[in-house]
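Chemist: My questions will all concern the structure given below.
The values are calculated or read from the model by the stated rules, or taken from the named source; none is laboratory data. Quick caveat: nothing in here was measured; it's all calculated off a predicted structure. We place every Cβ from the backbone using ideal geometry, glycine too, and count neighbours over all the protein chains shown.
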């Protein structure tokens, strides 16, 4: 083999190797351009806001001793007894009014006796007058003495009639006074609502603390929420309730939400709301908004519960959001390709929530870069991870 042939063979193999290497490089480059790996997340519901609450009667009616009404003379109910609205609970007896009432009744009795006496006298005078008139008629007498007698009788009759009328009016006025005082002398206190009686007779002469309460059979859950999560509450909102002592879950509905904040000392240590805001109030007293939940099932009074407030808003990682001319967009992964999707967000609490452009279960690119283009084929990792994690 000549030297030229050897050189030619070597050159041929060199060119062949270069061509193979070039083809491999182009193939790898082509694959790199066609498919890039990105991390994705799935748009999921947010974790609910958690607050602690306490079960309480839906309504509590309290009754405290009122000295102005007198002394409590009798109690018609017992502790833990069920009562109906309108049922008698206890009575007051006002001794000073009782004394005044006795004096008025005694005065009425005196007037009544005087009335009877005057009525009898009137009847006697009228009878005497009639007899005198009959005698004069029979005698056809016209003597001045007999006429004077008739005139005297007539004057006395008129005086007695006036006196009797005055006595009747006085007795009538006393009857009105007696009726009013009888109502004041004995006051009957009745139940305003149906419920169960809580009675502590040791406090029945205490004017500052209630000695009797009526708690209704239906219950409410009292809780508090921070200003950061206040936006999530509304009347009629359906929530979840977990009963700690019974390890059971029930459904509930928000019945009332306070318009103004207040400090909640009783629940300060247990009301630290847990949410995406990451706020935990612990033992620090701070203003919170009170709200009430009506459970769909019976829960024992004074039990503590955990309320789960659902969050329907969509929140996605800031890293997934791109901007273009003051508009925001993300890349939604469909059929292995990145599709550009415009979105709209608004501020709620401390979060920017998506109000347009995405729906639950959409898969979006978590870490887009400047190389990612609309319609570009990509491969993904960690697909299925929640966008709220």
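Chemist: Please determine, by comparing only the residues of segment 61-82 that are surrounded by 17 or more Cβ atoms within 10 Å (Cβ to Cβ), in a loop (DSSP other than H, G, I, E, B) and touching a strand residue (DSSP E or B) at 6+ places or on another chain (Cβ under 6 Å), which one is modelled with the highest pLDDT.
Modeler: This residue is 77.
Chemist: Now, a different point. Among the residues of segment 171-199, which ones are touching a helix residue (DSSP H, G or I) at 6+ places or on another chain (Cβ under 8 Å) and either surrounded by fewer than 14 Cβ atoms within 10 Å (Cβ to Cβ) or part of a strand (DSSP E or B) (or both)?
Modeler: Initially, segment 171-199 is screened for residues touching a helix residue (DSSP H, G or I) at 6+ places or on another chain (Cβ under 8 Å), giving 171, 174-175, 177-178, 181-182, 184-185, 187.
Across segment 171-199, the qualifying residues are 175, 182, 187.
Chemist: For segment 217-224, state whether one or more residues are surrounded by 15 or more Cβ atoms within 10 Å (Cβ to Cβ), over 23 Å from the mean Cα position of the chain (by Cα), under 20 Å from residue 57 (Cβ atoms) and modelled with pLDDT of 95 or more.
Modeler: For segment 217-224, residues surrounded by 15 or more Cβ atoms within 10 Å (Cβ to Cβ), over 23 Å from the mean Cα position of the chain (by Cα), under 20 Å from residue 57 (Cβ atoms) and modelled with pLDDT of 95 or more: absent.
Chemist: Can you tell me which of 94, 99, 118, 107 is closer than 17 Å to residue 181 by Cα, modelled with pLDDT under 90 and crowded, with 16+ Cβ neighbours inside 10 Å?
Modeler: 94
Chemist: Now a separate question. Residues that are part of a strand (DSSP E or B), modelled with pLDDT of 90 or more and either surrounded by 14 or more Cβ atoms within 10 Å (Cβ to Cβ) or touching a helix residue (DSSP H, G or I) at 6+ places or on another chain (Cβ under 6 Å) (or both): does segment 263-286 have at least one? Before you say what the answer is, go through the steps one by one.
Modeler: Step one: filter segment 263-286 for residues part of a strand (DSSP E or B), giving 263, 274.
Within this subset, residues satisfying the condition of being modelled with pLDDT of 90 or more are none.
No, segment 263-286 has no match at all.
Chemist: For segment 125-151, give me each residue that is at pLDDT 60 or above and exposed (fewer than 13 other Cβ atoms within 10 Å of the Cβ).
Modeler: Those that are at pLDDT 60 or above and exposed (fewer than 13 other Cβ atoms within 10 Å of the Cβ): 127, 130, 131, 151.
Chemist: Restricting attention to segment 303-332, report how many residues are without any contact (Cβ under 8 Å) to a residue 40 or more places away in the chain and in a strand (DSSP E or B).
Modeler: Number of matching residues: 7.
Chemist: Of the residues 118, 94, which is without any contact (Cβ under 8 Å) to a residue 60 or more places away in the chain, at negative phi and touching a helix residue (DSSP H, G or I) at 6+ places or on another chain (Cβ under 9 Å)?
Modeler: One residue alone meets the criteria, 118.
Chemist: From the set of residues in segment 363-383 that are farther than 15 Å from residue 317 by Cα and either at pLDDT 90 or above or out of contact with any strand residue (DSSP E or B) (no Cβ under 6 Å at 6 or more places or on another chain) (or both), which is surrounded by the fewest Cβ atoms within 10 Å (Cβ to Cβ)?
Modeler: For segment 363-383, the residue satisfying everything is 370.
Chemist: Something else: Starting from residues that are closer than 17 Å to residue 39 by Cβ and touching a residue at least 40 places away in the same chain (Cβ under 8 Å), keep the ones in segment 334-357 and report whichever is surrounded by the fewest Cβ atoms within 10 Å (Cβ to Cβ).
Modeler: 336
A quick yes/no check of all residues on (1) crowded, with 20+ Cβ neighbours inside 10 Å; (2) in contact (Cβ under 8 Å) with a residue 40 or more places away in the chain; (3) not assigned by TED's automatic domain parsing to the domain that holds residue 65:
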position	(1), (2), (3)
210	no, yes, no
230	no, yes, yes
249	no, no, yes
253	no, yes, yes
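Chemist: Regarding residue 360, is this residue within 28 Å of residue 249 (Cβ to Cβ), surrounded by 11 or more Cβ atoms within 10 Å (Cβ to Cβ) and either free of Cβ contacts under 8 Å to residues at least 60 places away in the same chain or in contact with a strand residue (DSSP E or B) (Cβ under 8 Å, 6 or more places away or on another chain) (or both)?
Modeler: Yes.
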